[in-house]
1. Given the options 79, 63, name the one that is assigned to a helix (DSSP H, G or I), surrounded by fewer than 12 Cβ atoms within 10 Å (Cβ to Cβ), out of contact with any Pro (no Cβ under 7 Å at 6 or more places or on another chain) and among the acidic types (Asp, Glu).
2. Output the number of residues of segment 22-50 satisfying the condition of being within 16 Å of ligand 2 (Cβ to nearest atom) and free of Cβ contacts under 8 Å to residues at least 40 places away in the same chain.
3. What single numbered condition from (1) of a type in the set (Phe, Trp, Tyr); (2) within 16 Å of ligand 3 (Cβ to nearest atom); (3) open to solvent by less than 20 Å² (accessible area, probe 1.4 Å) fails to hold for residue 256?
4. All but one of (1) in contact with a strand residue (DSSP E or B) (Cβ under 6 Å, 6 or more places away or on another chain); (2) part of a helix (DSSP H, G or I); (3) open to solvent by less than 20 Å² (accessible area, probe 1.4 Å) hold for residue 261; which doesn't?
5. Identify the residue in segment 149-202 that is assigned to a helix (DSSP H, G or I) and basic (Lys, Arg) and, among all such residues, is nearest to residue 128 (Cα to Cα).
6. Consider residue 23 carefully, then state whether it is in contact with a strand residue (DSSP E or B) (Cβ under 9 Å, 6 or more places away or on another chain), within 16 Å of ligand 1 (Cβ to nearest atom) and in a loop (DSSP other than H, G, I, E, B).
7. Can you tell me which residue is surrounded by the most Cβ atoms within 10 Å (Cβ to Cβ) among those in segment 222-233 that are part of a strand (DSSP E or B) and within 16 Å of ligand 3 (Cβ to nearest atom)?
8. Considering only residues that are in a strand (DSSP E or B) and more than 16 Å from ligand 3 (Cβ to nearest atom), look in segment 203-221 and name the one that is farthest from residue 150 (Cα to Cα).
Amino acid sequence: MTNPQHTFRVAKFGGTSVANYSAICAAVANVKSQNQPILVVVSACAGVTDRLVMLANESDNVESILSEIVHRHTEIADELSRLNRAGAVEKQLALDDLHDRLRQHVARRPTPHDASFVAWRDQLLSFGEYCSSLLFSWAWEAKTEQPSAVLEAKTWLFTDSRYGRARPQLKAMIEKAPQWLKTLEPGRLYVTQGFIGKNERGQTTTLGRGGSDYSAALLAVVVQAQELQIWTDVAGVYSTDPRLCSDAFAIAEMSFDEAAEMATFGAKVLHPASLLPAIEYQIPVFVGHAAYPARGGTRLVKNSTHKPDVRAVAVRKQQTLMTVHSIDMFHASGFLAQLFSIFAKYDISVDLITTSEVSIALTLDEGGSQANHAVSVPAAAIAEIELFAKVELEYNLTLIALIGNQIGRQSQLSQWVFDAVAPTPVRLICQGASEFNLCFLIPERDTVDVVTRLHERIKR
Ligand code: ADP
Ligand code: ASP
Ligand code: MG
């Protein structure tokens, strides 16, 4: 059990919220204004992980990409040194050291066929969060003149060795927590890295793109936090992606169930897995704008009093549809088991499934740390399926999910949805497994039109 005197809140700041000097200062002001014991979790500065992924994918421009990363951090460091000289030299040395280690690590690149490649890549991807956590902690001291320290994520986040998409070992983390919690000094602000963890061999692992939300939720469970705060670049979870529809509005309160569906089906604002620990341990979650906390945001609660039929439209682009046809499937048992054993073997994660007598259609999405979200199905997996069935792949599709309550029981709703989507060829529809969503797959080019039409139905 955690020592009850540690009544922390956990505050996670995403990439844009630590992107530059002014963003970090706004995030520091946000934490300061709460005047409460807070553990801070940070993402890498916006764009840094994308660049590290490029380095992992063997780009031609290694030097220029490295310089961009170093420049991004150095700009923030220079401003912090100007703001407050105290401690600046020591912090600058620590940042230079991280950059040197990054360069050395890049120089030691194994070939992608080498068994050590995946571990090397996760270590590479972790540099973004190491640098941003140092910068945040530095900014806190420079702005508030109060002490801060970096808390190594590897002290508290333990995972298996599934590099790029590591699975946390929550039980071990909870057991270990009292040991490191008792070393924390009251009055000092601790800043830890999101996204990264440690496996049983002590190596660095990562949780998949956008994984800092997940880290923050896990930390909240581990310290039995009063609240988990997800601070980002929008004032809460919106009725749809605000970049796609200008009428989108922030939802004041939603249930864990609705939010979990929303995150799973695409709302980038929350990492799909991040809510699970919070739901299971019933930790209240707040999502708000890092720089403008006064704008309010979204509260995620166990049960929401307001249960509209449609709450939101979640959108996930870059989906791949795989259709598997087999005449043998007709009345055959064991076909699905055979197919899914191949998916399991190649670690392919399947989202939606529909079946007919002789075919099965499914959507695939890859969320590992190395991915930029486009899926690549291993050729060997396809070859194995083709031994007993015909495989077709379609790319550039968007998954749209209507999130709400008792969606399947409203006949008028289905009628309206089909009308709204009618002008577009729908490639797949899924409904029924959960009462909180109805989803379908459409060509990516029709995304904005369909989202706009569906969103008209959503009331504030
Ligand atoms: P962070 O770096 O803070 O983790 P992300 O970029 O991962 O931020 O997530 C925030 C972004 O998610 C917003 O800028 C917004 O464009 C996008 N987004 C997609 N769907 C939604 C939604 N339903 N509500 C709010 N934001 C959404
Ligand atoms: N920095 C990681 C990413 O860009 C993790 C995160 O931001 O949540 O995916
Ligand atoms: Mg995110």
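The values are calculated or read from the model by the stated rules, or taken from the named source; none is laboratory data. Worth saying up front: this structure is predicted, and the values here are computed from it rather than measured. Glycine gets a Cβ as well: all are built from the backbone with ideal geometry, and neighbour counts include every protein chain shown. Quick note on the areas: whole protein, heavy atoms, side chains included, nothing else; ligands and nucleic acids left out. Shrake-Rupley method; radii C 1.70, N 1.55, O 1.52, S 1.80 Å.
1. Just a single option satisfies the conditions, and that option is 63.
2. Summing the residues that are within 16 Å of ligand 2 (Cβ to nearest atom) and free of Cβ contacts under 8 Å to residues at least 40 places away in the same chain in segment 22-50 gives 2.
3. (2)
4. (3)
5. Residues of segment 149-202 that are assigned to a helix (DSSP H, G or I), as a first pass: 153-156, 170-181.
Retained after the next criterion (residues that are basic (Lys, Arg)): 154, 171, 176.
Numbers: 154: 15, 171: 27, 176: 26 Å.
Step by step, filter segment 149-202, then rank; the result is 154.
6. So residue 23 fails the test.
7. 230
8. If we filter segment 203-221 for residues that are in a strand (DSSP E or B), which is where we start, we get 204-206.
Right, trim to more than 16 Å from ligand 3 (Cβ to nearest atom) and you get 204-205.
Working: 204: 17, 205: 18 Å.
Among those residues, the one meeting the criterion is 205.
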